[in-house]
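Nothing in this text is a laboratory measurement; each read-out follows from the coordinates by a stated rule. Keep in mind that this is a model prediction, so the values were computed, not measured. Cβ coordinates were reconstructed from backbone atoms using ideal geometry, including for glycine residues, and neighbour counts include every protein chain displayed.
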Amino acid sequence: MNQEVNVIAGKERSRSQSGAGVGNVWLRSARGNRGEPPLTRARIVQAAVALLDEEGMDRLTMRHLAERLQVGATTLYWHVATKADVVDLAVDAIFGETSVPDRHSDSPRDDIATLVNDWRQAMLRHPWAATVPSRQRPLMGPNFLAWMEFLQSALLRSGLTDKRLNAATWALYNHVMGATATQSSLQLSAEETRLGQEYLESRRDQYPTVATYNYIADADWDASFVAGLEFLLDGIEAQTKR
């Protein structure tokens, strides 16, 4: 076991010393296949997505993934240098599950709404993906970039340019990822909801608005997402008329 770890560590040092320490998997050349049975990047990604769907991000380790693929850890490291590489590849595979429209419609707003709603559904199928910090590891895979190109070109046609276009992009991005992460993690039982309502009611004098509208009991995620998206799209339209 120690010998295997030393081999892996030696390879990592060699890559760093040779100038191969590029931090993003999409900016490095893929390595060729090695050993038998053949292990491909596609097989690795498929196994990684299945593992993440079934067990979550905390259970993803290179050793656990290698066991699932029935290969040695050194074989896996030949194809992907780090766990972060695996996550990047798995996230991009999710965006490849739904095709981006071949062409834009006559309405940029409709195009944006369609894409964002499809994006949300993709994240709900794989909720672990919404926890990936984009600012720490920007998504640069071909599937995600195809989605982003469609979104930003629709925003451009709506009349946004420069910083306003990027600001709108991040607002929509955060709406999808934040709403999905919250929906996936905030699962209150009926008893917890009841106790929450009672707690707010007992403190109505301190929090009158919160107690009245009782957001803790509102579990209509679809309606809330659609309403939030409408707020954003209305704001985008208002910006284009300035």
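Some values worked out for this structure:
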| read-out | value |
| --- | --- |
| Burial order of peptide ranges 82-91, 175-184 (average beta-carbon count within 10 Å, highest first) | 82-91, 175-184 |
| Karplus (6.51, -1.76, 1.60) ³J(HN,Hα), θ = phi - 60°, over the stretch 189-197, in Hz, Gly and Pro reported as x | 6, 4, 5, 5, 5, 4, 5, x, 5 |
| Rounded if a/c under 1.5, otherwise prolate or oblate - the stretch 49-109, Cα gyration tensor axes | prolate |
| Solvent-free Debye scattering, log10 I(q)/I(0), computed from the Cα coordinates of the stretch 44-170 at q = 0.13, 0.19, 0.20 Å⁻¹ | -0.60, -1.03, -1.11 |
| Karplus-derived HN-Hα couplings along the stretch 84-93 (A = 6.51, B = -1.76, C = 1.60, θ = phi - 60°), whole Hz, x at Gly and Pro | 4, 4, 4, 4, 4, 5, 5, 4, 5, 4 |
| Square roots of five times the Cα gyration tensor eigenvalues for the stretch 90-242, Å | 33, 20, 13 |
| Most to least packed among 144-151, 219-226 [average Cβ atoms within 10 Å] | 144-151, 219-226 |
| For the stretch 193-234: rounded, prolate or oblate by the Cα gyration tensor [a/c cutoff 1.5] | oblate |
| Shape of the stretch 155-205, Cα gyration tensor, a/c cut at 1.5 | prolate |
